[in-house]
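This report concerns only the one structure given below.
Derivation of every value follows stated rules applied to the coordinates shown; laboratory data play no part. These numbers were taken from a predicted model, which means no experiment stands behind them. Quick reminder, even Gly has a Cβ in these numbers, built from the backbone with ideal geometry, and neighbours come from all protein chains shown.
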Amino acid sequence: MGLEAEHVGNLGLGKYMAPIRPILVERTNTSVLFVSRNGRPFGAANLSSLVRDYVKAAGITRPGSCHLFRHAAATQMLENGADIRSLQAFLGHAQITTTQIYTHVSITYLKEVHRKTHPADLPRSEKRDRDIQGDSA
């Protein structure tokens with residue numbers, strides 16, 4: 001999966017793409033977006049190690065990994081309205097069934113929102129307050 005140059009600026013990667021990346025890939029001429037210091041694509045183990053080091057350096061005591069951040073980003077995108085096909089493309093999944101794993105988290109989130117906000121589930125005083133606020137709006 002490659003990113004076209006015109007989309008990179010929209011992703012906030014312009015500073016990396018313009019002055020830094022061309023120097024790194026001078027000898028390898030790879031089309032991979034993120035490369036190591038030697039201009040070669042990051043391997044999964046290298047990237048995980050780098051993320052782990054940054055998590056530790058930031059003083060975060062819980063373990064972190066690329067997979068954890070990928071899963072968190074996908075779940076938040078879904079919860080904030082991303083459609084499942086867009087999420088599939090973002091994650092690079094060949095099968096929609098792989099992406100559908102993320103929907104169970106979103107469904108749990110939706111149930112919680114429903115439980116907290118649905119008028120039938122609110123205590124009477126909260127219903128009355130919402131009705132009053134709704135009338136004055």
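The table below lists the values:
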quantity	calculated
Packing-based exposure ordering (other Cβ within 10 Å, fewest first) of Leu87, Leu24	Leu24, Leu87
Theoretical FRET efficiency, 1/(1+(r/R0)^6), r = Cβ-Cβ of Ala120 and Ile84, R0 22 Å, to 0.05	0.20
For Ser36, net neighbour charge (Lys/Arg +1, Asp/Glu -1) across residues whose Cβ lies under 13 Å away	+4
Relative exposure of Glu79, Glu112, judged by other C-beta atoms within 10 Å (fewest first)	Glu112, Glu79
